[in-house]
Structure formats: C-alpha cells, structure tokens
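Reviewing the structure listed below.
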There are 2 protein chains.
Amino acid sequence: MEKKVTIIGAGNGGFAAAADLTLGGYQVTLYHDEARKKTVEELMKTNTIELTGVKGKEKVKIYKVTTNMKDAMAESDIIMSTIPAYGQEYIANKMLPYLRKEHKIILTPGSTGGALVMAKIFYEKGKFDGVKIAEMHTLPYACRKTSPTGVKILLECKKLYFAAFPAKYNEEMYKIVKKMYPAVELIKDVLETSLNNGNPVSHPAPVVLNAGKIEYSKGEHYHYREGITPSVARVNQKIDLERQEICKLFGYKAIDIKDRLYLMGYAPKRETLYECYRDSEVFNPLKGPKDLNDRYLTEDTPYSLVALASIAHKLGIKTPVMDSVITLASALKDEEYWENGRTFNDLGFEGMDLEKIKDFLQNGYE
Amino acid sequence: MEKKVTIIGAGNGGFAAAADLTLGGYQVTLYHDEARKKTVEELMKTNTIELTGVKGKEKVKIYKVTTNMKDAMAESDIIMSTIPAYGQEYIANKMLPYLRKEHKIILTPGSTGGALVMAKIFYEKGKFDGVKIAEMHTLPYACRKTSPTGVKILLECKKLYFAAFPAKYNEEMYKIVKKMYPAVELIKDVLETSLNNGNPVSHPAPVVLNAGKIEYSKGEHYHYREGITPSVARVNQKIDLERQEICKLFGYKAIDIKDRLYLMGYAPKRETLYECYRDSEVFNPLKGPKDLNDRYLTEDTPYSLVALASIAHKLGIKTPVMDSVITLASALKDEEYWENGRTFNDLGFEGMDLEKIKDFLQNGYE
C-alpha cells in the first residue's frame, strides 16, 4: 500500500498534492466532505486536474475522487490531510469508524497542534491502537486553485519540518514521507513542527493592523506588499521572538522566521523581516483577505496564536504581543478566541509540566 | 484681572481660543514657546487672527503675542493652557518661577490627568500655595489652523465638563470659567474630567487597526470615514466600556461615548458608535495621521490610554482591550509606552487606595 495515498480535503493544497503525487507515481484518492460536494463535482466528471506553475503545465488524471470517507480510508494506508485547523477535529471524528492500525496519517500542515488534537480524539475514542500520526510544519506548496479543476503551484517548499506522534515512530514515518517529499527534515516531535508554523507570525497581526482598511476597501489590499510595512513587520518580528522563547524552553532550535522563510524558499536572505516580505516573489502577488472572516484571522488566531500563547502562559513565558493580537482580533470579530481557541488542554497536555510534556511527545498516551 | 486671560500654546486650540475670547471681551495674551517661535512670528507682525467657521468670518486683533513666560504670567491671573499632554510637564516647569497665588490655571483640555500632573510639580517645588488648577475634559472647539495667522472653528462644543483641583475650589473656579465658556458643566473632580477625555477612545485603536494602511499610503486616509469601520468601532466601544468601569468605581456618571459625543455636538444620536462616527459632520472631513508619529498615537496612547489602564490595574479593574492597543502601539513604534507613559504614580496617587484618592481629589495635598 506504500504507493497509495488518500488526500483529505480538495482545497488549494489538496489539489496541488493530488496532482503532484500522481505525477510522482502515487495512486491518489482525493476525498472531500459530502456537505461541500460542489467543490469536487466538476473534477469528478473527468478526475483530471489542470496543473500549472513551477511543476509544469500538465493535465493530471488522478485515480479517484470521492466524498465517501469509508472508501477514502479503505483505499490507502497513507492518509494525508491538507485541511485547515478548524476542520481537523471534524475530520478526525469522521475518520474514526474506518481507522485501521495500518493507517499512517500525515497532516500537511499540522497548523499548530493538529497531530496532537487528532491523537487525543482517537485515543479518547479507543481507536489509537497502532495508528500513527505525523505532521509537517507547513503545506508543501504555495498554491492557489485557478478553476474548479485547476491549480497553480507557485512554489514547492524546499524545507518541510516533519515529526510523528509519538516521536518514537519518527524514523518509521520519515522513511515513508521522504519518498513523497524529499524536502522533509526530521525534527524532534510534533510540538517542534507546530512551533515552526509560520502562519501565526505572518497572518493575524498584519490583518489586525490593517483591519480598518480591509473592511473599508472590501479586500482591495495586498497582504504583504501593502499591509506589512516596516512598523507592522516589527510587530511580526516581536511575535516571532515570543515564539522562539517557547522553542528554547523545549530545547528546540529557535529558527528565526527570516531564516525559515529563506530555507523554505519563500523569501531571499535579508537583514530584516520587512525586507524578507518585501523582496519575496512568492508573497508579493498575494492579495489580502476580502473581509475579516478570513482564515488569516479566523483560523490562525484561535487555532495557532492561542495555542502558542496558551502553552507559553502555562509554562511561565510572557507573550504580550501575541496576547494583544488575540485580544484585538477577538474584539474586532466579537469572538471569544481565548476561550474558544485551541488551548494547552486541547493538545492533551492537561496537568502536565514541561518534563511530562516532553515525555508525552516522545512516548504518547500511557 | 478677571477679564484678562493668558493662553499658553499657539496651536489650533490656542488660536481658536485667542480669537474667540477676544471677541468675548477678554484681553488675551497668547504665549508660545520661544524654542518654536516660528509658529507665531507671522502673527506677531499684526497680532491679528483671521477667524473663520461657525463663529463668523472676522479679523480679530488680540492684545499681545509673546514668547516670554514672565510677561505671559504677569499679564493675567487666568492662565489657560491649550497645549498637548506631552508638553504639560515642560510648561509647568516653565511657569514655576512666575507663579503667584492669584493664578488660576485652566487646562483646556486636561488630556487625562493634566491638572494632577501640574499640581504635583507645583507642590513638589513648593509653589502650590494658593494657586488653583482646573481642567476641562476637552478643548472647547473643534478647530484647525488654516494659515500662520488663520484658524477655522468647525464646532464650539456644547458640553464642557469642568472641575478644579482640589475640588474644594470647584465653585470658585466654575464662576470664573462659566463666563468664558457658558457650556461648562461642573462635575465632581479632575479625575472625572480626565475620565471623560474622548481621545483615548477615539484615536489610538483606529490608528493601530489601520497602521499598515497609514504607513503604506503615507496618510492618504480618513481617520473616521475610512478608518472606523463597524469592526473597528466595536473595538472603540469595548475600550469605552472599560473606561466606564473606572468611572463607576469612583462613583462618577458613566456616560457612554455615544452620548457624550451627542451632548458635545460632535455627532448625532445613533444606536451604535459606528453610526455616530459615520454620520458626524465634524468627523467626516478629518484626514488621518500622515504617519505613525502622530499625536493620535504618540500622545493619546502613553498619556491617556496608559493613564486609564494604570489607574484601572491598580484598583483591580481589567482593561484587556486598552492594554492590547497600548502593547501593539508600543510594538509598532518600538517604544515602551507602559514604562514611559503617564501612570498612576505620575498623577500623585502613589500608595493610595480608592478612598484615599477620593479624599485627595477633594482636598488636595496635605
């Protein structure tokens, strides 16, 4: 079953992965939720994705497109989820009835704690026996759908941090994923991948700091080119420094966001984060949110920034700039992100101190 | 000496007051700091201000324009300061050598704690004997200079909350000021006037929430019309609710900002704060800051928002939205507004609990 992959989620990332992995010799089953079947209706007629961008211009016929989770889970042992953080819990529960101990679930990306959240659900429902979960720190591509059957890959990331939960399965999972994505680099555990998610640094603060413009202009706004000015980039950099403090506490490498963006291929090497964004050919054409109901705010704030701040607070690290972005995002949206976001306890860390968490990440439940 | 007034500060407010009070039969001396003499050089040639706007179109010849503080303090017993918060300490120290016990100092506006800050300086330097200080919650006019000798009064405020420090001189000071400004309404004390300063509610949050746009567009931005969208106004309203909690603790009227804007004549009566701003003829034409070095951020954050938050924290009230705006403003500007802003101790409250503060506001030092 090693050359068979089921991709969960037919968004930008799912389309890109389905086409790319098919070209890489994999039998790809692409699953999308029945409730949003419209997304794949057109594709289901021909199973053919029109690929453009850096991986070439090609019509790629994939093996199967389905909205049936039972089929999707039966077709492959490797289950690769490209869905956003807010869908992870929902999808984990959908997978539950069809989980087999052979299943290897890979979240691309984990989006700050995704593997831990899924593992918690599987464990609590008594279905975690033998199932292995891993995550990457980011989606392997910068990509955008171009039509109901087309996708453009703007960038294939040159660095994909990867780890399994529990980390004792790191090597086993790494061998499988390395064949699919040679850019993967094995790191300590799934908290380290989560702490290298760049979205909570690059997305919410610039949206908050341009909230009036976004709402007034109805999205006539370039997130990076216009939104991240020197002062705004300074806020992002301070958020990244707070994130790095958490990395240091756990003994992970505290890779500055500037360096990671360079290693991934997103931005050139520059002195300041402002210059990195400014001179990035990938970021430059990206428009900002059309309104404040955008994933840059509504996913990356409660699911990622809250998770980082929640871990930090529990372990005695102060994150005033993250906290302020969360509080203002909540006020702008009239939401209670601090209460409803992904917290320390949601990751399975309830009652644990630093050493307990480290042990848990290595060895898992029990 | 009751018909003689010295106005300190030849900015928008100083020009408006000088012209208006001269028309009201006062002998007006207008003082401006020698170090920024350029501001009044042109005016000094003729002593004549070209007034336009709601108070009529008229050339108003004022009694004197000077950059000599000794002269300025000698000419009148009533000293009316229109200078911004960040100049209050500097000016208080400049006044010191020429203070007489007959002097009645009126800050228009107090800008959150101005009377208390000045009183503390006078007291500590042994010059507070007999000197009385009072403040209004706002400048009596919405106005803008139109040239080095011209000013336009857009609005004469219909409500001016007023009190003296210590409040035992309230009636005495009120009698004097009522003649100058019939719109004054006497309230409890100078903390109540400070808590009714609208700038910390209306200015910093929208600047922070449009920071990227302001910096990117170099100020091509209307603060109210474009910057205060429904979501941004929601943040302002939440800040106002935090401010109202402090008012309640002290037993002051917690006047909602919507109502105060209506009472002052700034905005029509509306259901939501967004609609108040949107439908205000005074606010609508006002452009936003040219950059992030603007008083809307650099005065109203450290001098006013920090003062409110600092009082709240010391007395056990939580102000998460104010705090977040202060922290993000600090991060944007790379400043330490929490440390360098106007705090509880700067107001003379050091070591006091709620009851002590109330007594101090009523009776003053010793």
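Values in this text are rule-based calculations from the coordinates and carry no lab data. Quick caveat, the model's predicted, so the values are computed rather than measured. When we count neighbours, we look across all protein chains shown, and the Cβ atoms used for this are built from the backbone with ideal geometry, even at glycine.
Grab the DSSP H runs of the protein assembly as shown that are 4 residues or longer, score each as -39,500 (n - 2.57), total them, divide by all residues and round the 222 nm result to the nearest 500 deg cm²/dmol.
-12000 deg cm²/dmol
In segment A:174-191, which residues have a backbone nitrogen under 13 Å from the label point lying 7 Å from residue A:158's Cα in the Cα-to-Cβ direction?
Answer for this model: A:183.
Defining a contact as two alpha carbons under 8 Å apart and six or more residues distant in sequence, what relative contact order in percent does segment A:250-366 show?
Dividing the mean separation by the residue count of segment A:250-366 yields 19 percent.
Using only the Cα atoms of segment A:85-213, what semi-axes does the equivalent ellipsoid have when each is the square root of 5 times a gyration tensor eigenvalue? Give whole Å, largest first.
26, 18, 16
Taking the Cα centre of segment A:199-363 as the origin, how large is its charge dipole in debye, to the nearest 20, when only Lys and Arg (+1) and Asp and Glu (-1) carry charge on their Cβ atoms?
Its charge dipole is roughly 480 debye.
Counting only the backbone N, which residues of segment A:284-317 are under 20 Å from the spot 7 Å out from the Cα of residue A:345 toward its beta-carbon?
A:302-317
With a Förster radius of 35 Å, plug the Cβ-Cβ distance of residue A:71 and residue A:185 into 1/(1 + (r/R0)^6) and report the FRET value to the nearest 0.05.
0.60
I'd like the FRET efficiency for residue A:48 and residue A:169, computed as 1/(1 + (r/R0)^6) with the beta carbon distance as r and R0 of 45 Å, rounded to 0.05.
So, using R0 = 45 Å, E works out to roughly 0.80.
For segment A:157-224, what is the convex hull volume of the alpha-carbon atoms per residue, in Å³?
So the per-residue Cα hull volume is 107 Å³.
Using square roots of five times the C-alpha gyration tensor eigenvalues, list the equivalent-ellipsoid semi-axes of chain B in whole Å, biggest first.
Gyration-tensor ellipsoid for chain B: 29, 26, 19 Å.
Counting only pairs 8 or more residues apart or on different chains, how many lysine pairs in segment B:188-295 have their Cα atoms under 28 Å apart?
Counting lysine pairs in segment B:188-295 gives 24.
For peptide B:224-233, how many partner chain Cβ atoms fall within 10 Å of a residue's Cβ, on average?
Average neighbour count from other chains, rounded to a whole number: 5.
Evaluate the distance, in nm, between pseudo-label points positioned 7 Å from the Cα of residue A:57 and of residue A:178 along their respective Cα→Cβ axes.
Taking the simple label geometry, residue A:57 and residue A:178 are separated by 3.7 nm.
Would you mind ranking A:44, B:69 so that the residue whose beta carbon has the fewest other beta carbons within 10 Å leads the list?
A:44, B:69
Give A:38/A:152; A:333/B:152; B:3/B:145 a once-over and call out the pairs whose C-alpha atoms are over 27 Å from each other.
A:333/B:152
Could you work out how far apart the two model spin labels at residue B:93 and residue B:335 are, taking each label as a point 7 Å from the Cα in the direction of the beta carbon, and quote it in nm?
Distance between the two pseudo-spin positions: 1.8 nm.
Taking a ≥ b ≥ c as the square roots of the Cα gyration tensor eigenvalues, with a/c under 1.5 meaning rounded and otherwise prolate when a/b beats b/c, else oblate, which class fits segment B:213-366?
Because a/c hits 1.5 or more and a/b fails to exceed b/c, segment B:213-366 counts as oblate.
Using a ≥ b ≥ c from the Cα gyration tensor of segment B:144-263 (square roots of the eigenvalues), is it rounded, prolate or oblate, where a/c under 1.5 gives rounded and otherwise the larger of a/b and b/c decides, a/b for prolate?
The shape class here is oblate.
Between segment B:139-164 and segment A:297-333, what is the C-alpha centre distance in whole Å?
The distance from the Cα centre of segment B:139-164 to that of segment A:297-333 comes to 41 Å.
Would you order A:313, B:223, A:103, B:137 from fewest to most other beta-carbon atoms within 10 Å of each residue's own beta-carbon?
Listing A:313, B:223, A:103, B:137 from fewest to most nearby Cβ atoms yields A:313, A:103, B:223, B:137.
Normalised radius of gyration for segment B:7-67, please: alpha carbon Rg relative to 2.2 N^0.38 Å, two decimal places.
Normalised Cα radius of gyration, segment B:7-67: 1.02.
For segment A:224-264, what Kirkwood radius comes out of the mean inverse Cα-Cα distance, in Å?
11.1 Å
Among B:298, B:273, B:244, which residue has its Cα furthest toward the positive end of the charge dipole of segment B:199-363, with +1 on Lys/Arg Cβ and -1 on Asp/Glu Cβ?
Looking along the dipole axis, the top candidate is B:273.
Looking at segment A:242-314, which trypsin sites (Lys or Arg not before Pro) are in a loop (DSSP not H, G, I, E or B) and have at most 16 other Cβ atoms within 10 Å?
A:253, A:269, A:270, A:290
Per residue, what volume in Å³ does the convex hull of the Cα atoms of the protein assembly as shown enclose?
Hull volume normalised by residue count: 163 Å³.
Compare B:31, B:90, B:262 in a GNM of chain B, Cα atoms joined below 10 Å, and give the one with the largest fluctuation.
B:90
Where a ≥ b ≥ c are the square roots of the eigenvalues of the C-alpha gyration tensor, would you call segment A:1-159 rounded, which needs a/c under 1.5, or, failing that, prolate if a/b is larger than b/c, or oblate?
Prolate, because a/c is 1.5 or more and a/b exceeds b/c.
Report the calculated FRET efficiency for residue B:279 and residue B:359 (r = Cβ-Cβ distance, R0 = 51 Å), to the nearest 0.05.
So the FRET efficiency works out to roughly 0.75.
Quick one: in segment B:79-140, what % of C-alpha pairs are over 20 Å apart?
For segment B:79-140, the share of Cα pairs beyond 20 Å comes to 15 percent.
How big is the dipole moment of the protein assembly as shown about its Cα centre under a simple scheme where the beta carbon of each Lys and Arg is +1, that of each Asp and Glu is -1, and everything else is neutral? Debye, nearest 20, please.
Dipole of the protein assembly as shown, to the nearest 20 debye: 1520 debye.
Place the label 7 angstrom along Cα→C-beta at residue B:182 and in each other copy, then list the distances from the first to the rest in nm, shortest first.
Nearest to farthest, the other copies are at 8.7 nm.
Taking the label point 7 Å from Cα in the Cβ direction, how far apart in nm is residue A:219 from each other copy of itself, listed shortest first?
So the distances to the same position in the other copies read 3.3 nm.
If I take every Cα pair under 8 Å that is 6 or more residues apart in segment A:4-194, average their sequence separation and divide by the length, what percent do I get for the relative contact order?
21 percent
To make sure I understand the rule: partners must be aspartates and glutamates, Cα under 19 Å from the Cα of residue B:59, and not fewer than 8 residues away in the same chain. Which ones qualify?
Filter leaves B:20, B:41, B:42, B:50, B:156.
Among A:23, A:97, A:155, whose Cα lies farthest out toward the positive end of the dipole of segment A:4-194, if unit charges sit on the beta carbon of Lys, Arg (+1) and Asp, Glu (-1)?
A:23
Find which of B:361, A:182, B:46 sits farthest along the positive direction of the dipole of the protein assembly as shown, computed with +1 on the beta-carbon of Lys and Arg, -1 on that of Asp and Glu, about the Cα centre.
B:46
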